[in-house]
Amino acid sequence: MFGLSAPAVSAELPPPLKQDDFIAFDSKQAALGQLLFYDKILSGNRNIACATCHHPSLGTGDRLSLGIGEGGEGLGLQRSAGTGDSRIKKRIPRNAPGLWNLGAKELHVLFHDGRLSIADTFENGFNSPAEEWLPTGFNSLLAAQAVFPVTAQFEMAGNPKENEVAGAIYDRIDNAWPILAKRVRIIPEYGRLFVEAFDHIDAPEEVTIVEIANALAAFQAVEWQSFDSPFDAYLGGDETALGPAQKRGLELFYGKAGCSSCHSGKLLSDQKFHALGLPPFGPGRTRSFDPMVRDVGVMGETDRLEDAYGFRTPMLRNVELTAPYGHNGAYPTLEGIIRHHLDPDGMLKAWKPETAALPQAPWLEAIDFVVWNDAREMARQARFRDIEPLSLSNAEIADLVAFLKSLTGSQSVTSPPFGIPATVPSGLPVDR
């Protein structure tokens, strides 16, 4: 297989991930997207940027189980829930995912619950929360994704009475995008950069949310493209790229442990949804008719009972950098999330609330773990499992961890093409 003396594995190793597997993006648009990604101008109250919750120093995440969005202060584990009238009203219901390799051509679904996918459901190229109000012209799935955090009340938009963006969203989601686009394009430097980067833009007043999203996608796709890990070198023919423990872990991953049944293909994800029975906490991403705090996962999108509590299989390159793990960041270590896969009921029983990385917010504590007091909801969640218990030794678990660490990139992680800008055109502070 690829000229290797590969370990004896029961599942075929994927072909190497290569440059051709990624969408080609315009370099000028990517450079513009870098500024937008770090600029707080895209938030309702001009106090949070995309980078605040997806920071390169934090593995392109925020290291929190559940994020602190609009109203919070600081970065990463030092981020607080705010004070006074501006303090957060709700935790972000799910963990901030890493941004690695989101420009891959074969990627067709995003968000933990799959609420954005490539489809012609609404005749605009995507099945999305904006339904028929989503504009056309996006250069990728990643670009379509970029327009949703800015319209989320507790992520970037703010509360309806606080600013014109949040107020517009309260009426209809697409009413906010023209407001944000005007905010950006009337800044002279941004206006000039858009005209230079987009052939069809002749004047700043032509800039819409689509061009903003396309620039953001171009930047993210180029900046966090990673396929130079030891595992990738091994797939490319370098038999010395993996150490003994990593090779044993690879054999387990593609063999006895069964990890590759879901973490399959070049991206190490089947892009499907599975119920793992992770310890529940936080506000959950509830539907309007849910009578209790809970998160039903992809069932919230499909309305099919068989999909209850299922969440998208994450891609695994650079997984070492993207702790904590799970759709709600329930486990702070790779060993913890592996052990949960092996014994979900036992790990759920042993899990303690202090395991979660949740910045203190006393006014939210009543709801943080309230689901644990709902015996019926906990029983419902326990009935849905897409994984079977499996016994592995401590040594085998250590080998799996070693293999997962072999998925960490080298130059792609340490020397990204753009980095963090010194300043942004709005003049707002940049998170570092």
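Details
- Looking only at the range 378-419, residues that are polar (S, T, N, Q) and surrounded by 11 or more Cβ atoms within 10 Å (Cβ to Cβ) come to 5 in all.
- Hey, ILE92 touching a residue at least 60 places away in the same chain (Cβ under 8 Å), among the hydrophobic types (A, V, I, L, M, F, W, C), part of a loop (DSSP other than H, G, I, E, B) and out of contact with any Phe, Trp or Tyr (no Cβ under 8 Å at 6 or more places or on another chain) or not: no
- Any hit, the range 214-224, residues being surrounded by fewer than 23 Cβ atoms within 10 Å (Cβ to Cβ), part of a helix (DSSP H, G or I) and out of contact with any Phe, Trp or Tyr (no Cβ under 7 Å at 6 or more places or on another chain): no
- The condition of being surrounded by fewer than 21 Cβ atoms within 10 Å (Cβ to Cβ), part of a loop (DSSP other than H, G, I, E, B) and in contact with a helix residue (DSSP H, G or I) (Cβ under 7 Å, 6 or more places away or on another chain) holds for only one of ASP228, ASP174, that being ASP228.
- Reported count of residues in the range 27-81, each being surrounded by fewer than 23 Cβ atoms within 10 Å (Cβ to Cβ), under 25 Å from ARG317 (Cα atoms) and hydroxyl-bearing (Ser, Thr, Tyr), is 2.
- Checking each residue in the range 104-129 for being among the hydrophobic types (A, V, I, L, M, F, W, C), part of a loop (DSSP other than H, G, I, E, B) and within 24 Å of PRO314 (Cβ to Cβ) picks out LEU107, PHE111, ALA119.
- Looking only at the range 239-268, and only at residues there that are charged (D, E, K, R) and either part of a loop (DSSP other than H, G, I, E, B) or outside the structural domain of GLU388 (by TED's automatic domain parsing) (or both), the one that is surrounded by the most Cβ atoms within 10 Å (Cβ to Cβ): LYS266
- Output for the range 42-87, where each listed residue is at pLDDT below 95 and either in a helix (DSSP H, G or I) or aliphatic (A, V, I, L, M) (or both): GLY84, ASP85, SER86
- Flag if ALA422 is assigned to a helix (DSSP H, G or I) and surrounded by fewer than 18 Cβ atoms within 10 Å (Cβ to Cβ): no
- Conditions (1) part of a helix (DSSP H, G or I); (2) more than 26 Å from LEU267 (Cβ to Cβ); number of the one not met by GLU162: (1)
- Taking every residue in the range 283-294 that is closer than 19 Å to LEU66 by Cα and in a loop (DSSP other than H, G, I, E, B) and pairing it with any residue that is at pLDDT 90 or above and basic (Lys, Arg), at least 6 positions away or on another chain, the pairs with Cβ-Cβ distances below 7 Å are PRO283/LYS90; PRO283/ARG91; GLY284/ARG294; ARG285/ARG94; THR286/ARG294.
- Taking residues in the range 392-410 that are among the hydroxyl-bearing types (Ser, Thr, Tyr), and partners anywhere that are part of a loop (DSSP other than H, G, I, E, B) and at pLDDT 95 or above, the pairs with Cβ atoms closer than 6 Å and at least 6 places apart or on different chains are SER406/LEU242; THR408/SER229; THR408/ASN318; SER410/ASP228.
- Failed condition for GLU155, given (1) in a loop (DSSP other than H, G, I, E, B); (2) buried (at least 21 other Cβ atoms within 10 Å of the Cβ); (3) acidic (Asp, Glu): (1)
The values are calculated or read from the model by the stated rules, or taken from the named source; none is laboratory data. In this text, all values refer to a predicted model and were calculated from it rather than measured experimentally. For neighbour counting, all protein chains shown are included, and Cβ atoms are generated from backbone atoms with ideal geometry for every residue, glycine included.
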